[in-house]
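One structure is given below, encoded as structure tokens.
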Amino acid sequence: MNFLAPIGRVFIAFLVATGRLVAFAAVSVSHCVRPPFYGRSIGRQMIQIGYFSLPVVGLTAIFTGMVLALQSYTGFARLNAESAIATVVVLSMTRELGPVLAGLMVAGRVGAAIAAEVGTMRVTEQIDALATLSTNPYKYLIVPRLIAGVATLPILVLVADIIGVFGGYAVSVHSLDFNAANYLKLTWEFLQPLDVITGLVKAAVFGFLITLMGCYHGFHSRGGAQGVGAAATNAVVSSSVLILASNYMLTTAFFGA
Amino acid sequence: MTAPTGEAKIELRGLKKSFGAKTVLDGIDLSVGAGESVVIIGGSGTGKSVTLKCILGLLWPDAGSVLIDGIDVTALSGRAREAHTAKIGMLFQGSALFDSLTVWENVAFALKTRSGVSNREARNIALGKLAQVGLGSDVAALSPAELSGGMQKRVALARAIATDPEIVFFDEPTTGLDPIMGDIINRLIVDCVRQLGATAVSITHDMASARRIADRIAMLHEGRIVWDGPAGDIDSSGNDFVDQFVHGRAEGPIEMAVRG
Ligand SMILES: Nc1ncnc2c1ncn2[C@@H]1O[C@H](COP(=O)(O)OP(=O)(O)OP(=O)(O)O)[C@@H](O)[C@H]1O
Ligand SMILES: [Mg+2]
């Protein structure tokens, strides 16, 4: 029976960690709706999380759009269905690849940075100091990051959608000899508002998950530089996995199994 | 000097705190009267900083109570607890300055959370507090990372007293300072207590500083207060622990965990 003990231990540890995370999320969200609000911090975080992520998200989107067009051409040309390329590119970008790839890139860039910053504040007692200076650490540190994440990720994904479609267009027109006007017409033809909107909803969820995991791991980091490093790694890994898992669940919820 | 229980500003009753299997505080009883300056001495790692953090509510004690102005704050939560914590200014052992803010913004931090204090006023008060700890306006716009350790400590001290709190905790205020600056800081702490009528609890390893700032000295050893008396009695305490500590002898009842 001894082999069951390690399994049980891991399972219990998992439940404890999940419980702590849910409690942390609940407290954080409850502080989002109660004053005081730190408007300046929210603005600063929006610039950090949103604006400075534009280059990396833009580059990811353009190359993805380009390779999508190339690869779907290889497949559809065999079926004489080249006209489907524009639709494939725009639907893949808006529904799945835009939100997921932007989410993963932001998780790497922002999740690690948040965990490192908040973690350093934890181990150098700056978070304790906040509490002694009549400032709630959740309101001052966590809430601005959560709000900025939820607000800016959809904007980033909208930009990624546009750039990605443009990447597909550029490859199709310049390398695959498509007619430019015809490609654009095909792009618009089958695109539904819902395709874009569901992508943006996903983006908001991912923005919440990325900033939540960054804050959570930073807030609970222990033991100096090593602990902060571990917090940054854990933040990136856990938010990436959560993005992929929740993406599947959201797709199922929106479009059926 | 010991204040009667009724008018104690801070009172600790049977405070216990363990980390895992390790018991750090094992029933602390200590009472600090209003306007009194108490210094806690004790070996490294005996739980002096943990004691202050329990009073501040940064750590939850496992047992016992913390009374501030006669109210048990361990029974409070949320806003009510914060209202009591707001009476206390704290100088952290490691300074704990916000590195995303400039020096003066650090000092003015708590002032700005209060309504009715303009940015200019807050800055002026901050510059005044910085001058009190011997720092000129030239450092005000620097970031804490650009300062030496001793300068950071003085900024942290200025931040702790910026709102003229009723209670101030100083965790090793003079560690890392030169003797002259150390004496200036000692005098500042004495002034805080005498002029502003603040209640002070300080932690120090520096006996010269302890004699200078303390009305009363308490010694912490193995999770308990083993001696507590007027500062003047420290040399005639008749307590072996205190004698060994005050004279800094390696031999005595306090056995440091040094393995050869
Ligand atoms: N958050 C924590 N988690 C686990 N153990 C802790 C924590 N904080 C303190 N301790 C332990 O409690 C003990 C007392 O720590 P504390 O910082 O109070 O010592 P101290 O008396 O202030 O020592 P020093 O004079 O060196 O500052 C130490 O052994 C430390 O390892
Ligand atoms: Mg200490």
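Summary table
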{"read-out": "Heavy-atom surface of region A:36-252, accessible at 1.4 Å and reported per residue (Å²)", "value": "43"}
{"read-out": "Anchor B:K16: lysines whose Cα lies under 27 Å away (excluding residues fewer than 8 positions away in-chain)", "value": "B:K48, B:K53, B:K87"}
{"read-out": "Computed [θ] at 222 nm, deg cm²/dmol, chain A (DSSP H ≥ 4; -39,500 (n - 2.57); rounded to nearest 500)", "value": "-26500 deg cm²/dmol"}
{"read-out": "Whole-Å semi-axes of the protein assembly as shown's equivalent ellipsoid (Cα gyration tensor)", "value": "58, 25, 19"}
{"read-out": "Solvent-accessible area buried by B and A, counting both chains, probe 1.4 angstrom, square angstrom", "value": "1500"}
{"read-out": "Volume per residue that the Cα convex hull of region B:141-216 spans, once the total is divided by residue count, Å³", "value": "92"}
{"read-out": "Projected label distance in nm at A:T87 and B:D233, using a 7 Å step from Cα toward the beta-carbon", "value": "9.3"}
{"read-out": "Candidates A:F219, A:F208, A:F11, ranked by Gaussian network fluctuation over chain A, Cα under 10 Å, top entry", "value": "A:F11"}
{"read-out": "Partner chain coverage, peptide B:91-103 - average Cβ within 10 angstrom", "value": "4"}
{"read-out": "Inter-part distance where region B:88-152 and region A:1-63 are each reduced to a Cα centre, Å", "value": "31"}
{"read-out": "FRET efficiency for A:L194 and A:T233, using Cβ-Cβ distance with R0 set to 41 Å, rounded to 0.05", "value": "0.65"}
{"read-out": "Euclidean distance between Cα centres, region B:12-28 to region A:119-175, Å", "value": "41"}
{"read-out": "Helical contribution to [θ] at 222 nm, DSSP H n ≥ 4, -39,500 (n - 2.57), averaged over chain B, rounded to 500", "value": "-10000 deg cm²/dmol"}
{"read-out": "Antiparallel DSSP beta bridges within chain B, percent to nearest 5", "value": "55"}
{"read-out": "Karplus (6.51, -1.76, 1.60) ³J(HN,Hα), θ = phi - 60°, over region A:28-33, in Hz, Gly and Pro reported as x", "value": "4, 5, 5, 6, 5, 9"}
{"read-out": "Centroid-to-centroid separation of region B:45-72 and region B:183-260 [C-alpha atoms, Å]", "value": "19"}
{"read-out": "5 angstrom amide H check on B:S37, placed H, neighbours 5+ away", "value": "B:A200, B:D215, B:R216"}
{"read-out": "Rounded D (µm²/s) - region A:36-252, Kirkwood Rh over Cα pairs, Stokes-Einstein at 20 °C, 1.002 mPa s", "value": "117"}
{"read-out": "A:I12 versus B:R194: modelled label distance in nm, points set 7 Å from Cα along the beta carbon direction", "value": "5.9"}
{"read-out": "Kirkwood Rh, Cα atoms: Rg over Rh of region B:174-260", "value": "1.01"}
{"read-out": "Bridge type composition, the protein assembly as shown - antiparallel percent by DSSP, nearest 5", "value": "55"}
{"read-out": "Distance between modelled label sites at B:S118 and B:D29, nm, 7 Å Cα→Cβ extension", "value": "5.4"}
{"read-out": "Percent of Cα pairs exceeding the 17 Å cut-off, where the set is region A:147-215", "value": "53"}
{"read-out": "Globularity index of chain B, i.e. its alpha-carbon radius of gyration over 2.2 N^0.38 Å", "value": "1.01"}
{"read-out": "Rg/Rh (Cα only; Kirkwood hydrodynamic radius) as it applies to region B:1-129", "value": "1.01"}
{"read-out": "For region B:100-173, convex hull of alpha carbons as volume per residue, Å³", "value": "90"}
{"read-out": "15 Å tail of the calculated P(r), region A:182-241, as % of Cα pairs", "value": "62"}
{"read-out": "Share of Cα-Cα pairs in region A:30-142 lying beyond 17 Å, as whole percent", "value": "68"}
{"read-out": "Sulfur and carbon atoms: percent of accessible area, the protein assembly as shown [1.4 Å]", "value": "61"}
{"read-out": "Reach of A:K202 by Cα under 15 Å, taken over aspartates and glutamates that are not fewer than 8 positions away in the same chain", "value": "A:E96, A:D161"}
{"read-out": "Whole-Hz ³J(HN,Hα) from phi, Karplus 6.51 cos²θ - 1.76 cosθ + 1.60, for region A:150-167, glycine and proline x", "value": "5, 7, 8, 4, x, 5, 4, 5, 4, 4, 4, 4, 5, 5, x, 4, 5, x"}
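The values are calculated or read from the model by the stated rules, or taken from the named source; none is laboratory data. The structure presented is a predicted model; accordingly, all values stated were derived computationally and were not measured. Because the Cβ atoms are built from the backbone with ideal geometry, glycine has one as well, and the counts that use them run over all protein chains shown. Heads up: the accessible areas ignore ligands, DNA and RNA and are worked out on the full protein's heavy atoms, side chains in. Shrake-Rupley method; radii C 1.70, N 1.55, O 1.52, S 1.80 Å.
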